[in-house]
Amino acid sequence: MTGKINTDYSDAAGTVMTDVSSGKWSKEILQKFDIDLYKCPPILESKSEIGLISADFAREVGLSLKTKVFAGAADNACGALGAGILNVDRVLESIGTSGVLLAYEPHSTSVYKGNLHLFNHAVPGVYYSMGVTLSAGFSLSWFHHTFAKDEDLVDLVASAKESAPGANGLIFTPYIEGERTPYADASIRGSFIGIDSRHTKADFVRAILEGIIFSFRDIQEIYKKNGRTFTQAVSIGGGAKSRLWLQIQANILNIEIISLKDNEGAGLGAGMIAAVGLGWFDTFTECAEKFVRDENITRPQEKMVKLYSKYYSEYRKIFSATQPITKSLVMLNS
């Protein structure tokens, strides 16, 4: 790319070196860590034009040298934009390598006391909060690679139908590389709790699918304690590609789950930033009305909601019960 090095507000916020309210680099934080301000690039709006593509890139992809480049945004900010998270009613539920529950915030005043992240949105003047499960989709891909690498991943996920809600008494905690929300603990490790000789591979797969969403329920509980409730969650990423998993999401979170016609997430959001930057749309809301389209609604099933609430109560006990053990194991293997 030709032009100067810049960053946008959402990516800058992700460094934890900015004052989110003012949108400026925090002199206090920079001084604390002895970082020179001149090393921090100018912060721009996501839709700001910052240059043209380079000649090498133009040759590689076949685009015109006149192709414009815009500041863009962080992955989750783009994902929120691509999912139409532009008001307080909907929450984003994203399952990639990590997992995210993300909410639109009209103001920069945080009520979460550090239990959730608060960053600048790709949309100028507004913000988003989020909690993160470190190993969401990664837990599933780890199991796939380690125990079923010859199986198609889609078929492996579908095999969870052979199990039952609650995985026949098997619970999985997705702490296989530590956890971020709500525990911020690098030494906790994952667990399969309740294994007995009757359990099959399908039970383990279902326990993983459920355990990932139990971890989202942990994040949802933080929002509830701070007075935030949502009518719908927009599911993007791998979790939106399985009807079974969508139903598990709806039942554990007790919320309507929206899947989109174009499940491109952050890629779509990045394209929307360029579209607004080019002046094709006056606002991101107008752009979202054109590109973000609901496809299906998966509604919670009352009987399953009650059952999963009981399993979630047991899931909540596992962290405190296993943390001392896994911390010792990590130390023994360090």
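Where only protein heavy atoms count, and the probe is 1.4 Å, what is the accessible area per residue for the chain in Å²?
On a per-residue basis, 50 Å².
Whenever you get a sec, compute what percent of the accessible area on the range 1-114 sits on carbon and sulfur atoms (1.4 Å probe).
Of all accessible area on the range 1-114, carbon and sulfur atoms account for 53 percent.
Order of 128-141, 46-59 by packing, highest average Cβ count within 10 Å first?
Listed from highest to lowest mean packing, they are 128-141, 46-59.
Net charge around A12, counting only other residues with Cβ within less than 12 Å of its Cβ (Lys, Arg = +1; Asp, Glu = -1)?
The answer is -3.
Please label the shape of the range 150-272 as rounded, prolate or oblate, based on the square roots a ≥ b ≥ c of the eigenvalues of the alpha-carbon gyration tensor (a/c under 1.5 means rounded; beyond that, a/b larger than b/c means prolate, else oblate). Don't skip to the answer; put the middle values down first.
Values: a/c = 1.65, a/b = 1.23, b/c = 1.34.
The shape class here is oblate.
How large, in percent, is the carbon and sulfur part of the accessible surface of the range 167-227 at a probe radius of 1.4 Å?
Here it works out to 48 percent.
On a C-alpha basis, how far is the centre of the range 228-250 from the centre of the range 251-276 in Å? Whole number, if you could?
That distance is 11 Å.
Which shape class, rounded, prolate or oblate, goes with the range 138-207 when its Cα gyration tensor gives a ≥ b ≥ c as root eigenvalues, a/c under 1.5 marks rounded, and past that a/b bigger than b/c marks prolate?
Cα axes put the range 138-207 in the oblate bin.
Let a ≥ b ≥ c be the square roots of the eigenvalues of the Cα gyration tensor of the range 79-191; is it rounded (a/c under 1.5), or, if not, prolate (a/b larger than b/c) or oblate?
On the way: a/c = 2.50, a/b = 1.82, b/c = 1.37.
Prolate, since a/c reaches 1.5 and a/b exceeds b/c.
Modelled label-to-label distance, A148 and K68, 7 Å Cα→beta-carbon offset: nm?
Output for this residue pair reads 4.7 nm.
To the nearest 500 deg cm²/dmol, what mean residue ellipticity at 222 nm is calculated for the chain from DSSP H runs of n ≥ 4 alone, each contributing -39,500 (n - 2.57), summed and divided by the residues?
-12000 deg cm²/dmol
Please give the peptides 257-266, 95-104 ranked by average Cβ packing (other Cβ atoms within 10 Å per residue), highest first, as a rough proxy for protection.
The most tightly packed comes first, giving 95-104, 257-266.
For the peptides 164-170, 79-85, what is the packing order when you average, over each peptide's residues, the other Cβ atoms within 10 Å and list the highest mean first?
Numbers: 164-170: 18.4, 79-85: 29.3.
Descending packing order for the listed peptides: 79-85, 164-170.
Using only Cα atoms and rounding to the nearest 10 degrees, what angle (0 to 90) does helix 201-225 make with the longest principal axis of the chain?
Between the helix axis and the principal axis of the chain, the angle is about 60 degrees.
Once you've got the Cα coordinates, tell me which of K24/K241; K201/K310; K161/K290; K32/K327; K47/K224; K224/K317 are over 27 Å apart.
Those over the limit are K24/K241; K161/K290; K32/K327; K47/K224.
Can you give me the C-alpha center-to-center distance between the range 289-304 and the range 83-151, rounded to a whole angstrom?
18
Nearest 5 is fine: what % of DSSP beta bridges in the chain come out antiparallel, could you say?
70
The values are calculated or read from the model by the stated rules, or taken from the named source; none is laboratory data. Please read all numbers here as calculations on a predicted model, not as lab measurements. Methodologically, a virtual Cβ is constructed for each residue, glycine included, from the backbone with ideal geometry; neighbour enumeration extends over all protein chains shown. Ligands, DNA and RNA are stripped out before the accessible areas are found, and what is left, the full protein with its side chains, is counted by its heavy atoms. Shrake-Rupley method; radii C 1.70, N 1.55, O 1.52, S 1.80 Å.
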